[in-house]
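What follows is a short report on a single structure.
The values are calculated or read from the model by the stated rules, or taken from the named source; none is laboratory data. Because the structure is a prediction, the values reported are computed rather than measured. Don't worry about glycine lacking a Cβ; one is built from the backbone with ideal geometry, like all the others, and counts go over all protein chains shown. With ligands, DNA and RNA removed, areas are computed over all heavy atoms of the protein, side chains included. Shrake-Rupley method; radii C 1.70, N 1.55, O 1.52, S 1.80 Å.
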Amino acid sequence: MPPTPPLRPTPPSPPVRLHLTTPPLDEAARQGRFGHPLPCPGHPGLAAPDLGAWAGRTLDEVAAEDPEAVRRWLTDPGFVPPGGGEPLAALITRTGEHLAALAPGRHHAVVAQAVVRAAVVAALELPAAAFWRLDVRPDTETVLSGRSGRWNLHLGQPRTAP
């Protein structure tokens, strides 16, 4: 039997680094109001989620009106918020697809806290329920880096200017 030639390592794919910055709380967020679906220039897959008819209202207001809808939203990733909102599962999928399509290099995006959660869930292949277990502080930066479809989460990074 002829000798097996030595294996040649596959060169790694070029790295991707994504800095996700959450803005400081605005007045509506300080009041606990759901945000409106804001775009993310240069990164359409990282746009804020659409919460439909709940946008601009507080969780307490929505829960007082329809506690069952809030319960389902918090427990069922496929639940669609009233008024054409985006299900949590769709947010995670959309965010994950955006991560997978990023060109090599360094990217910056100012995003909603929910998008940071969705990005971490998608990148680390966590179950959707983990979304609700991730706390994302305002005015902070979360960094994801990866190559070859494998992502790493960098915790405790100081915020950098884009």
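A few comments on the model shown:
- Loop-located GluC sites (Glu not before Pro) in region 72-162 (DSSP state other than H, G, I, E, B) with a sparse environment of at most 14 neighbouring Cβ atoms within 10 Å: 125.
- Relative to one another, the C-alpha centroids of region 69-90 and region 99-162 are positioned 22 Å apart.
- Residues whose placed amide H lies under 5 Å from that of residue 35, excluding near-sequence neighbours: 56
- Taking the Cα centre of region 110-162 as origin and assigning +1 to Lys and Arg Cβ atoms and -1 to Asp and Glu Cβ atoms, the resulting dipole is close to 100 debye.
- Estimated dipole of the chain in Debye, rounded to 20 [Cβ of Lys and Arg +1, of Asp and Glu -1, Cα centre]: 860 debye
- Carbon and sulfur %, accessible surface of the chain computed with the full protein complex present, 1.4 Å: 59 percent
- Pairwise FRET efficiency - residue 68 versus residue 27, Cβ, R0 = 45 Å, nearest 0.05: 0.90
- Here the spin labels are modelled as points 7 Å beyond Cα on the Cα-Cβ line, and at residue 61 and residue 150 they lie 4.7 nm apart.
- Cα shape, region 93-143, gyration tensor, a/c 1.5 rule: oblate
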